[in-house]
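Only one structure is covered here, and it is reproduced in the block below.
Please treat every number below as a calculation from the coordinates, not as lab data. Quantities reported herein were computed from a predicted structural model and do not represent experimental measurements. Here the Cβ is made from the backbone with ideal geometry for all residues, glycine too, and neighbour counts use every protein chain on show.
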Amino acid sequence: MTEPQSTKLRSGALLEIENVGVSFGHTKVLEGITATIKPGTFFTLLGASGSGKSTLLMSIAGFVTPHKGTIKLNGKVLNTVPIHKRNIGMVFQSYALFPNLSVADNIAYPLRLRAKSKAEIDKAVADALAFVRMEGFGDRDTAALSGGQRQRIALARAIVFEPDILIMDEPLSALDKKLRDDMQIELRRLHDRLGLTTIYVTHDQREAMTLSDEIAILEKGRIAQIAPPQDLYNHPRSAYVASFMGESNLLRVTRRAGGGFSLNDTPIQSDHHPTLEDAWLCARPEKLMVSPQPGQADTVFDARLVEKVFQGESWLLECLLDDDTRITVRASDHGGSIVSTVAPGETLQLGLLRRDAYFIERTEEVSP
Ligand SMILES: Nc1ncnc2c1ncn2[C@@H]1O[C@H](COP(=O)(O)OP(=O)(O)O)[C@@H](O)[C@H]1O
Ligand SMILES: [Mg+2]
């Protein structure tokens, strides 16, 4: 397992989820879940607490049986395959290491279950330890490990038997922020080296974006949208997705007779031409320019600054439009930025590029 980074160790499996539904008693927890997870993809289930992320993961692993739909691994229906025959590596939030076993024995456990020879086990355990950069820890007591080290060992144990897919349920959420940030980068590198199809659960949108090739947003047991991180962030399909994926301004706009939309009386220049009657303009705070130079922005409108907060790498500006709609602007603190000199009470011009003006359907159910 010491190949260069570009060499994938495995080809990864194809996972197809088709119209899966799960109920507990009379409560429908998942409905109409359909997703194709291509070989070698880092695929993340992202959603609020209770949206059904763990239930979907447990359905893939076999701990939960869907009442409807199919789950296929490399074309073979998994639904009736028992858990221990699914060949899936798993890592959970609680480390779930056996406290009475050494690090090496913990990692060896799945191989002993599979009745591998001692020589095979010793080699695979040494490789797995090296893979998670824990060489020399084999004889340690698991109680003596830090949180990050335990999760590395849990990961080594999950991949040591060469599973078809790796599933992880909030594996970093018990770690402190700095370690979590480091582990995210490390997990992504491990994934790239390993080449396994990975299905990851988190409620943290930044973590999801850092790690994933594709993200499925779960909203109350249904899929709200599946897309790569940049698409999801820049082109959210609904207000729910827009507000779940980071900060966003959802501004009520009106349809113009000649096509397009206006914000109050300002026509919004945009590359996006949806056939929507009722729309919100979705404008990310960091895409709004403060006092743009002539020609720098495609749409320019006035806003009154009410509050300005310095947050280190950026300023957060709270402004009001003519009709008293709130709009949040995030401006970087680079040299020459006008933001450091403007004061609450002043009227600013805000600018937006065509490509950053995106419209979504305005619904009554989810309001910003
Ligand atoms: N074994 C169970 N029995 C009954 N309800 C359950 C069970 N497991 C989960 N639920 C319910 O299903 C919903 C989704 O739960 P879960 O998949 O754990 O959500 P998430 O992981 O997104 O927080 C929740 O409302 C939860 O209360
Ligand atoms: Mg969960």
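Can you flag which of LYS28/LYS53; LYS178/LYS287; LYS38/LYS123; LYS85/LYS116 are past 22 Å Cα-Cα? Listed pairs above 22 Å: LYS178/LYS287; LYS38/LYS123. Under the convention that each Lys and Arg Cβ holds +1 and each Asp and Glu Cβ holds -1, the size of the dipole of region 247-361 around its Cα centre is about 200 debye. Averaging 1/r over every pair of different alpha carbons in the chain and inverting the result gives a Kirkwood radius of 23.2 Å. Taking each DSSP H run with n ≥ 4 as -39500 (n - 2.57) and averaging over every residue of the chain yields -7000 deg cm²/dmol at 222 nm. Dipole check for the chain: with +1 at the C-beta of Lys and Arg, -1 at the C-beta of Asp and Glu, and the Cα centre as origin, the magnitude is about 1480 Debye. Extending 7 Å from Cα along the Cβ direction at ILE83 and again at ASP322 yields two label points whose distance is 6.3 nm. Among the GluC sites (Glu not before Pro) in region 267-368, those placed in a DSSP loop whose Cβ has at most 15 other Cβ atoms within 10 Å are GLU277, GLU313, GLU346, GLU364, GLU365.
Just in region 175-277: which trypsin sites (Lys or Arg not before Pro) are loop by DSSP and have at most 14 other Cβ atoms within 10 Å?
Loop-located and lightly packed - ARG256.
Shape class of region 224-332 from the alpha-carbon gyration tensor: oblate, with a/c at 1.5 or above and b/c at least as large as a/b. Among beta bridges identified by DSSP and lying wholly in region 163-240, the antiparallel ones come to about 50 percent.
First measure r as the distance between the Cβ atoms of LYS123 and SER291, then evaluate 1/(1 + (r/R0)^6) with R0 = 41 Å and state the FRET efficiency to the nearest 0.05. Provide the component values of the computation, followed by the final result.
Values: r = 64 Å, r/R0 = 1.56.
Taking R0 as 41 Å, the efficiency between LYS123 and SER291 is 0.05.
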